[in-house]
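Student: Structure in structure tokens, see below.
Coordinate-derived values only; no laboratory data. Owing to the predicted nature of the structure, the values given are computational and were not obtained by experimental measurement. Positions of Cβ are backbone-derived with ideal geometry, glycine not excepted, and every protein chain shown enters the neighbour counts.
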Amino acid sequence: MRKDIDIRKFLANNIVPIIFIVLCAVCIPLAGYSGQYLVSQIITRIMRNSFLVLSLLIPIMAGMGLNFGMTLGAMAGQIGIIFITAWNVVGIPGLLLAAIIATPIAALLGWFCGKMLNMAKGREMITSYMISFFMNGVYQLVVLYGMGPVIPLHSDQVILPRGYGVRNTIDLISVRQSVDNFWALTIGGVKIPLLTIILIALLCVVIIWFRKTKLGQDMRAVGQDMEVAREAGIKVERTRILAIVISTIFAAYGMILYLSNMGTLNTYNSHSQIGMFSIAALLVGGASVSRASIKNVFLGIILFHLMFILAPQAGRELMGQAQIGEFFRVFISYGVITLSLVLYEIRERREKAESAKAIAAQQKEAKA
Amino acid sequence: MSEMTKPLLEMQSVSKEYNGNPVLKDVNFTLKEGEVLGLVGENGAGKSTLMNILFGMDVIQQTGGYGGKVLIDGKEVKFASPLDALNAGIGMVHQEFSLLPGFTAAENILLNREPENRSVLSLVFGPRANTIDRKTLQKKAIDAITKLGVSLDSDMLVSEMPVGHKQFTEISREISKSSIRLLVLDEPTAVLSEKEAEMLLKAIRNLSAQGIAVIFITHRLQEILDVCNKVIVMRDGRIISELEAEKTSIPEMAKLMVGREVSASASSKREEKKLSDDIVLSVKNLWVDMPGETVKDVNLEVHKGEFLGIGGLAGQGKIGIPNGIMGLYPSGGKVVLNGKEIPLGDTRACLDSSIAFVSEDRRGVGLLLDESLEWNIAFPAMQIQNKFLKKYLGGLIKWRDQGAIKAVTDKYIKQLQIKCTSSKQKAKELSGGNQQKICLAKAFALEPKLLFVSEPTRGIDVGAKALVLQALKEYNSKLGVTIVMISSELEELRQCCDRIAIVTDGAISGILPASRPSEDFGMLMVGKSKKEAN
Amino acid sequence: MEKVRSFLASFGLPRLIIAGFLLLLFIVAPFVGIRVGASISDTLARFGMNSIMVLAMVPMIHSGCGLNFGLPLGIISGLLGATLSIETGVTGPLSFLLAILYSTPFALIFGWGYGKLLNRVKGSEMMIATYVGFSSVAFMSIMWLILPYSSPTMVWGYSGSGLRTTISTDGFYSQILHNFLCLKVGTIEISFGEILFFALFAFIIWAFLHTKTGTAMTAVGSNPIFARASGISVDRQRTLSVIMSTWLGALGILCYQQGYGFIQLYQGPMYMAMPAVSAILIGGASVNKASIPNVIIGTILYQGIVTMTPSVMNNIIHTDMSEVLRIIVSNGMILYALTRKSGASR
């Protein structure tokens, strides 16, 4: 009896990852990729995305939900990359310089986002989502019109022939894979980029360490109950802003790593896509609006990107159209976010309904 | 040496008024180290105001400060904020828990006072980058728990604790502050089981033995006798009496709490009305899950045409009764109106069978603050009884009849003397008393056979109070509508009602005619049944 | 000074800036060689195309469901109606009526389900609505490929299956409302057809809000606990409002298609909620209060800015940054509404 309930609870709490495991299990034979190909692809994706997804953990800890504003960090990272490409700083020093440029921009944007979210308590997610849209406009204003005349950049590689504005796509040949190739092993035909792994591991360690700090503890407190935390003398607003600032800065670094791995920058698209994909990946890994762990990050990236690789091929095999697979994976990314949000809300509500049952039971008990 | 003889806390003729209404008058008392002081009084007697003054709460400064002096160790203090009070060694445990459910007891006890390990990183990122020293945190928490002398697992999550342990966690948090010398406990046993309450009383004795003074606010008078050195009874903002706990008794305290000199209004009480034999409403085994006002097992019969009062102390569940019957909170049991059972949790069914309800929560439940008075008054009658509607196309289109709505609103504005600029004014712009009248008008417009009125005079001024009560009395006597009024003010109930039921611990502890002396009700309120009292 | 401040507070600074900006554009326009008449006609035409989608915000705001970021769901119902109508091969005005007719059952069913869902997630409606919209657009993208449509005007020519990304409504209902009662006053072209069409539905909504049920809906939005204590089924009112909003969304997109001349499928409806949301906010609505005048003023201001900025900007600085400005203005407006303390006092 008890076991029965436990299994049901386990299923209910992990429904999203389970759906994904089943989907992947169905798609793997359909797509017919070799195991080696899949493994190397998955490793590439983990290297590419985990830094970005990890950046989402801290705001969740502070009770601010999924930080759709991570897009702001991605924008900052892209601005850094645009600069170093224009100045032609190559390799790892180039990426470092990009990170140095991106940090203050990300901090500023994060601070702005945090301020806004403090004004919209209780609807952080939709607000951070709208901030990412709003800032996208500002970003375009800067990059499309400001770069060239206002911000002096004169590289043909970066600037459009008309003399201002950044090109739609920038080839990042000078920094491409420079982190991944710096110190890489090949095992059984699969490339293992050690430096990237070290960087990601380092971030994981930082996050684990961060949870143990005073600030981390304060964030957990604020995340659970702002009023109680305030009464205890914790500076609630400041703590929340810090959570967003840190997340935004990490997202900026994550974006720089991502771009160097990809080797091309889609100036006007990369950042908005990356926000959605990172959040979807985290949720696929079993995270919820209020709880997420490093385990969720990696499980999520593996499952989500496995799906991503498989879907078009599976679609082609099944329906004769690769496009169906493409649309299917878009649907899955949005659907998974919708499902997670809805399940989270319903679960919250159910917990509140429990107390009524307790009283009815008490009355019965008292009578018996 | 003379410092030692000075009392820890002394209040000298402390007084306070809100907008010209005195709520505290000439309060004097002293408290020595390790002494346990019991503070009793009805709701609104001034206990909370007194504690707010002691703690330098913002609300006191914002409303013009207080009169008299508060002395600690013989020196006058004026706390500008609760933080100052904490620094002076005064801690308070409030009725509502202020705990984080996902933290362990230890983490809650030392919230924002966690011991830290310095690290190199904190030189770069500032002190908040220090890691938390879990070992010391555990140790400190366990120290505080031991000092309190209760059994509490410091690693247990608050969300998994029984309510008593939550209370102990709260108290341990205050104890863990090294400077603590005076602890104020505001009704700490209200939520506890008997066993847990016993443990708490033992803990209070422990603290007292360690030289920590305690102010213990409670409605359970037995506990006062068990644990306190002395008792202060407050009524209407005054200290009525200061008693040695050893020399007093429950009846004496109860009488002092509620007993008023026979005032003019009470003596001119309405003549006794003969109760009709018809039972309008019968309630059996009602439970209601209303946070803070849980009803556990209420059985009640209301006679036709009567004005029934329901009294009792705050938090005992009296307010939960109408809210549960009307289906505003999850409830269960059996409610029969005029021989027909009403399904619980179905507001519409209640309203359809001519029950109306004026909620205690005017702004939250009672009013559409952003809409006009017309809407507020006409809305339920329009929705439930299809009044104030013009019908077109054979009733297919039910159009709001602005004329009829305005007429009925103006009628009640006149009848209840509602002060407003027009019937189009928004409800939020009215004063509390006038808002209350709107709520009454809304219920009257339904022309109910049975009317529940919950706390109709809460938070309104004296003039409006009299008007509201008068309107209710007339409604009962002239139209013969059965009224059940829930109020925390016993005098008010005694003025209006035929019978008064007292609710204690989620159940009716007794029903008496309103003409009985107030100490009888006092005894019922503090949880002594009739036979025990006599 | 006090008066000015209270006026500013009630009108909202951003709204004032936008109105002022639009006025400025109209003043500047003649000096930089833009024909104002054409601009006004353009603005009015866009008003006709977009106003019903903005109107679709009203019922949900009234019942307290917040801004309808799930508008794409209504749009999809409209798209289904449009494609089905064309599939039948009927042309002319009748095809428009058919499109409305076919889209209605979809809108009712989708709206009902969407309403039920929103009832279970009270408090987070807007976020979930956004993603319901996105998911449904993505899902329908698959469906457009699979569904067995066969009309040659709609299906990809080379493969013979799957709908095109854009389908022309030429010969079906393109400009059908626009050309109805279209008058020319000087240089200004006013299409009374579109305006009347909008007026009809605006009147229906206005009238609905004056009925018993409409009153209940407003009360639910104003204070759901009050409504519940007055015996109103809050969930039912909310569901009803969502169905209405969804249906208006379907009508809105049909109206848009007739003015625009094309049906946009696949990812087309993805971001269509944003302009409508920000238009009603610009018109003076808040997250939980909206009226018909808000719809009219908002649509005119929003569409005015959208039409005027590109031409004026282009003529002044020879750069078209209107799209970017539009993104900043419309999303900034939504952000402003979200970060303000909830409009109503509860």
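Student: I need the calculated FRET efficiency for the pair residue C:122 and residue A:235, taking r as the beta carbon distance and R₀ as 35 Å, to the nearest 0.05.
Tutor: Approximately 0.70, to the nearest 0.05.
Student: For the Cα atoms of chain A, what angle does the longest principal axis make with the long axis of helix A:124-140, in degrees from 0 to 90, nearest 10?
Tutor: 10
Student: So what is the 222 nm mean residue ellipticity for chain B from helices alone, if each DSSP H run of at least 4 adds -39500 (n - 2.57) and you divide by all residues, rounding to the nearest 500 deg cm²/dmol?
Tutor: Here the helix-only value at 222 nm equals -10000 deg cm²/dmol.
Student: Right, here's the next one. Residue by residue, what Karplus-based ³J(HN,Hα) values in Hz, rounded to whole numbers, does the range C:153-162 have, using 6.51, -1.76 and 1.60 with θ = phi - 60° and x for Gly and Pro?
Tutor: Coupling constants for the range C:153-162: 5, 10, 8, 4, x, 7, 9, x, 9, x Hz.
Student: Suppose each label sits 7 Å from its Cα in the direction of the beta carbon; what would the residue A:352-residue C:150 distance come out to in nanometres?
Tutor: The modelled label-to-label distance comes out at 5.3 nm.
Student: Another question, if that's okay. May I ask for the Rg/Rh ratio of the range A:212-316, computed from Cα atoms with Rh as the Kirkwood radius, given to two decimals?
Tutor: 1.08
Student: Between residue A:171 and residue B:275, with labels modelled 7 Å along Cα→Cβ, what's the label distance in nm to one decimal, could you check?
Tutor: Simple spin-label model gives 9.7 nm for this pair.
Student: Filter B:334/B:398; B:414/C:289; B:274/B:296; B:47/B:442; A:352/B:296; B:25/B:78 down to the pairs with a C-alpha to C-alpha distance above 29 Å, please.
Tutor: In this structure, B:334/B:398; B:414/C:289; B:274/B:296; B:47/B:442 lie more than 29 Å apart at Cα.
Student: Another question, if that's okay. Can you tell me which of C:186-196, C:14-24 comes out highest on packing, and rank the rest after it, using the mean Cβ neighbours within 10 Å?
Tutor: C:186-196, C:14-24
Student: Starting from the Cα of residue B:59, move 7 Å in the Cα-to-Cβ direction to define the label point; list residues of the range B:73-104 whose amide nitrogen is under 14 Å from there.
Tutor: Under 14 Å, as judged by backbone N against the label point of residue B:59, lie B:82, B:94-96 of the range B:73-104.
Student: For the range A:284-296, just list the computed ³J(HN,Hα) in residue order, Karplus coefficients 6.51, -1.76 and 1.60, θ = phi - 60°, integers in Hz, with x standing in for Gly and Pro.
Tutor: 4, x, x, 6, 10, 4, 10, 9, 8, 10, 4, 4, 4
Student: If one takes the longest principal axis of the Cα atoms in chain A, at what angle in degrees, from 0 to 90 and to the nearest 10, does the Cα axis of helix A:91-119 lie?
Tutor: The two axes meet at around 40 degrees.
Student: Hey, another quick one. Hey, can you grab everything whose amide H is under 5 Å from the amide H of residue B:486? Only 5+ residues off in sequence or another chain; H modelled, so Pro and N-termini drop out.
Tutor: Those lying under 5 Å, H to H, from residue B:486 are B:310, B:453, B:454, B:455.
Student: Another question, then. May I ask you to derive the FRET efficiency for residue B:304 and residue B:236 from their Cβ-Cβ distance with R0 = 22 Å, giving the value to the nearest 0.05?
Tutor: FRET efficiency, residue B:304 to residue B:236: 0.05.
Student: If the chain between residue A:121 and residue A:182 were fully stretched, how many nm would it gain, using 0.36 nm times the residue separation less the Cα-Cα distance?
Tutor: Length gained between residue A:121 and residue A:182: 17.5 nm.
Student: Additional query: Between residue C:4 and residue A:30, what is the label-point separation in nm under the 7 Å Cα-to-beta-carbon projection?
Tutor: Distance between label points: 6.6 nm.
Student: Take the alpha-carbon centre of the range B:457-482, take the same for the range A:82-97, and report the distance between them in whole Å.
Tutor: Answer, in whole Å: 79.
Student: Compare the Cα positions of A:254, A:170, A:236 along the charge dipole of the range A:2-367 (+1 at Cβ of Lys, Arg; -1 at Cβ of Asp, Glu; about the Cα centre) and return the one farthest towards the positive end.
Tutor: Value: A:236.
Student: Also, I was wondering about something else. Please figure out what share of the DSSP beta bridges in the protein assembly as shown is antiparallel and state it in percent, rounded to the nearest 5.
Tutor: Antiparallel bridges make up about 65 percent of those DSSP assigns within the protein assembly as shown.
Student: Cβ under 15 Å from residue B:460's Cβ, residue B:460 left aside: what net charge do those residues give with Lys, Arg +1 and Asp, Glu -1?
Tutor: Overall, the nearby charge balance is 0.
Student: Can you list which of the DSSP-assigned H helices in chain B have a Cα extent of 24 Å or more along the long axis and an average Kyte-Doolittle score of at least -1.0?
Tutor: B:462-479
Student: Using 1/(1 + (r/R0)^6) with R0 = 56 angstrom and r between the beta carbons of residue B:21 and residue A:191, what's the FRET efficiency to the nearest 0.05?
Tutor: That pair, residue B:21 with residue A:191, gives E of 0.10.
Student: Hey, how many Å between the Cα centroid of the range B:160-203 and the Cα centroid of the range C:188-245?
Tutor: 52
Student: Taking amide hydrogens as modeled 1.01 Å from N in the peptide plane, which residues meet the under 5 Å criterion relative to residue B:500, leaving out close sequence neighbours?
Tutor: Under 5 Å from the amide H of residue B:500: B:309, B:512, B:514.
Student: Follow-up question, since we're still on this one. Taking every pair of alpha-carbon atoms in chain B, give the share separated by more than 32 Å as a whole percent.
Tutor: Result for the distance tail: 52 percent.
Student: Between C:247, C:144, C:156, where does the largest GNM mean-square fluctuation fall for chain C, given springs only between Cα atoms within less than 10 Å?
Tutor: C:156
Student: Let me ask something additional. Using the Cα centre of the range C:14-338 as the reference point, and only Cβ charges (+1 on K/R, -1 on D/E), how large is the resulting charge dipole? Debye, rounded to the nearest 20.
Tutor: I would put it at about 800 debye.
Student: Please state the Cα pair-distance histogram of chain C with 20 angstrom bins from zero: what percent is in each bin?
Tutor: 30, 57, 13, 0
Student: Follow-up question, since we're still on this one. Please name which of B:496, C:179, B:21 has its Cα lying farthest along the dipole of the protein assembly as shown towards the positive end, using unit charges on Cβ (Lys, Arg +1; Asp, Glu -1) and the Cα centre as origin.
Tutor: It is C:179, whose Cα lies furthest towards the positive end.
Student: Now, a different point. Considering only the other residues whose Cβ falls under 15 Å of the Cβ of residue A:256, what net charge follows from Lys and Arg at +1 and Asp and Glu at -1?
Tutor: +1
Student: Among A:196, A:206, A:152, which residue has its Cα furthest toward the positive end of the charge dipole of the range A:92-243, with +1 on Lys/Arg Cβ and -1 on Asp/Glu Cβ?
Tutor: A:206
Student: Shifting gears a bit: With springs only between Cα atoms under 10 Å, which of C:272, C:143, C:154 fluctuates most in a Gaussian network model of chain C?
Tutor: Of C:272, C:143, C:154, the Gaussian network model singles out C:143 as fluctuating most.
Student: Continuing with this model, one more query. Let a ≥ b ≥ c be the square roots of the eigenvalues of the Cα gyration tensor of the range C:155-211; is it rounded (a/c under 1.5), or, if not, prolate (a/b larger than b/c) or oblate?
Tutor: Oblate, because a/c is 1.5 or more while a/b does not exceed b/c.
Student: What is the mean number of Cβ atoms from other protein chains located within 10 Å of the Cβ atom of each residue in peptide B:281-288, rounded to a whole number?
Tutor: Mean shielding count: 2.
Student: Also, quick follow-up: How large is ³J(HN,Hα) for each residue in the range A:202-215, as worked out from phi by the Karplus curve 6.51 cos²θ - 1.76 cosθ + 1.60 (θ = phi - 60°), to whole Hz, x for Gly and Pro?
Tutor: Those phi angles translate into 4, 5, 4, 4, 4, 5, 5, 4, 4, 4, 8, 7, 4, 4 Hz.
Student: Report the charge-dipole magnitude of the protein assembly as shown in Debye, nearest 20, computed about the Cα centre from +1 at each Lys and Arg Cβ and -1 at each Asp and Glu Cβ.
Tutor: Result for the protein assembly as shown is approximately 1000 debye, rounded to the nearest 20.
Student: Rounded, prolate or oblate: which one fits the range A:2-367, using the alpha carbon gyration tensor with axes a ≥ b ≥ c (rounded when a/c is under 1.5, else prolate when a/b beats b/c, else oblate)?
Tutor: oblate
Student: In deg cm²/dmol and to the nearest 500, what is the mean residue ellipticity at 222 nm of chain A if only DSSP H runs of at least 4 residues count, each as -39500 (n - 2.57), divided by the residue total?
Tutor: Counting only the DSSP helices, I get -25000 deg cm²/dmol.
Student: Could you give the dipole magnitude of chain A about its Cα centre, charging the beta-carbon of Lys and Arg +1 and that of Asp and Glu -1, in debye to the nearest 20?
Tutor: 820
Student: What is the set of long-range amide H partners of residue A:267 at a cut-off below 5 Å, with H atoms built 1.01 Å from backbone N?
Tutor: A:169, A:170
Student: Tell me whether the protein assembly as shown comes out rounded, prolate or oblate; compute the Cα gyration tensor, take square roots of the eigenvalues as a ≥ b ≥ c, and use a/c under 1.5 as the rounded threshold.
Tutor: It is oblate, given that a/c is not under 1.5 and a/b is not larger than b/c.
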